[in-house]
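Structure record follows, encoded as structure tokens.
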């Protein structure tokens, strides 16, 4: 893809075997570019790496269909020093969690390690199929959980993918243990590049308003005025004053569309804080 022709490095939440690595591979295949790879162990470090290094893109999880917004991603993305860091593309990866261990017997498992989101997505399995006194250990990623098993006794397990099991030579004790079989995670490719208009785009922004009656409604009415489809809205603490929030919004259209650009100007005028987070093609599943 021409708009990514200058990319030299790609950072992602690692280590190898993570769902984020799968998303990274999908992005590389989709846009047919193959930069040097930089696996990092925290979402914030991926964003910071892209923020501090030119000619770099990153892959981070944005949203899970069960657990919702990945807070670390939204908070760090909106706070980059380089205000041109934005979402360049999105992809949706089906999540099929497995219970992985060096042993094969489910009844022998005494502990489980994984990322907090994976643990939450497998809550029913953990609470009904594993011991009540189960030791639960949080990790920075599903792949890091699998790798860390070397530091625990043989009865500990990790939650991860089949790819994770293969990479770390682990047994798949149980497959498809996530509570919802339709579990999916949306990942973003981020960087300081300009995306083309495709005709099937979405735009992401973040903003805060004055803490007064009707302030948010005034901004939402702008979307109605221009007949813009608002597809997502979420609020996050502003981290500047208790009780004040930053709103994250996705809506149809590209910033280069005339209507969208007019709407954004009006939203900026009514916002105390505003951050453009990118216009990019909506994800289209392969058939």
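The values are calculated or read from the model by the stated rules, or taken from the named source; none is laboratory data. Being a predicted model, the structure only gives us computed values, none of them experimental. A quick note on method: Cβ atoms are made from the backbone with ideal geometry, for glycine too, and the neighbour counts reach across all protein chains shown.
Overview of values
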item: Which numbered condition residue 140 misses (of (1) in contact (Cβ under 8 Å) with a residue 40 or more places away in the chain; (2) within 23 Å of the chain's Cα centre (by Cα); (3) within 16 Å of residue 172 (Cα to Cα)); result: (3)
item: Residue, nearest to residue 183 (Cα to Cα), within the stretch 54-77, restricted to residues that are part of a strand (DSSP E or B) and touching a helix residue (DSSP H, G or I) at 6+ places or on another chain (Cβ under 8 Å); result: 64
item: Selected residue [touching a strand residue (DSSP E or B) at 6+ places or on another chain (Cβ under 8 Å) and farther than 29 Å from residue 174 by Cβ] from 10, 91, 43; result: 10
item: The lone exception for residue 96 - which of (1) part of a loop (DSSP other than H, G, I, E, B); (2) touching a helix residue (DSSP H, G or I) at 6+ places or on another chain (Cβ under 8 Å); (3) buried (at least 19 other Cβ atoms within 10 Å of the Cβ) it fails; result: (3)
item: Residue that is modelled with the highest pLDDT, among those in the stretch 186-222 that are closer than 19 Å to residue 266 by Cβ and part of a loop (DSSP other than H, G, I, E, B); result: 209
item: Unmet requirement for residue 20, which otherwise passes all of (1) closer than 24 Å to residue 136 by Cβ; (2) crowded, with 23+ Cβ neighbours inside 10 Å; (3) modelled with pLDDT of 95 or more; result: (3)
item: When residues of the stretch 45-63 are limited to those that are more than 18 Å from residue 141 (Cα to Cα) and touching a residue at least 40 places away in the same chain (Cβ under 8 Å), the one surrounded by the most Cβ atoms within 10 Å (Cβ to Cβ); result: 57
item: Some residue of the stretch 169-183 being outside any helix (DSSP H, G or I), touching a strand residue (DSSP E or B) at 6+ places or on another chain (Cβ under 8 Å), over 15 Å from residue 122 (Cβ atoms) and modelled with pLDDT under 95; result: no
item: Candidates 150, 144 - the one that is in the same structural domain as residue 168 (by TED's automatic domain parsing) and either assigned to a loop (DSSP other than H, G, I, E, B) or surrounded by 15 or more Cβ atoms within 10 Å (Cβ to Cβ) (or both); result: 144
item: Boolean, residue 158 is crowded, with 20+ Cβ neighbours inside 10 Å and either assigned by TED's automatic domain parsing to the domain that holds residue 13 or under 22 Å from residue 44 (Cβ atoms) (or both); result: no
item: Filter pass, residue 249 being in a loop (DSSP other than H, G, I, E, B) and touching a residue at least 12 places away in the same chain (Cβ under 8 Å); result: no
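Yes/no per residue for (1) over 30 Å from residue 51 (Cα atoms); (2) at pLDDT 95 or above:
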| site | (1), (2) |
| --- | --- |
| 101 | yes, yes |
| 110 | yes, yes |
| 132 | yes, no |
| 148 | no, no |
| 156 | yes, yes |
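Each row is one residue, and each column tells you yes or no for (1) crowded, with 17+ Cβ neighbours inside 10 Å; (2) farther than 28 Å from residue 11 by Cα; (3) in contact with a strand residue (DSSP E or B) (Cβ under 8 Å, 6 or more places away or on another chain).
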residue	(1), (2), (3)
208	yes, yes, yes
224	no, yes, no
234	no, no, yes
263	yes, yes, no
280	yes, no, yes
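Here is a yes/no grid of residues against (1) touching a residue at least 60 places away in the same chain (Cβ under 8 Å); (2) at positive phi; (3) surrounded by fewer than 20 Cβ atoms within 10 Å (Cβ to Cβ):
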residue: 9; (1), (2), (3): no, no, yes
residue: 14; (1), (2), (3): yes, no, no
residue: 43; (1), (2), (3): no, no, no
residue: 65; (1), (2), (3): yes, no, yes
residue: 79; (1), (2), (3): no, no, yes
residue: 82; (1), (2), (3): yes, no, yes
residue: 85; (1), (2), (3): yes, no, no
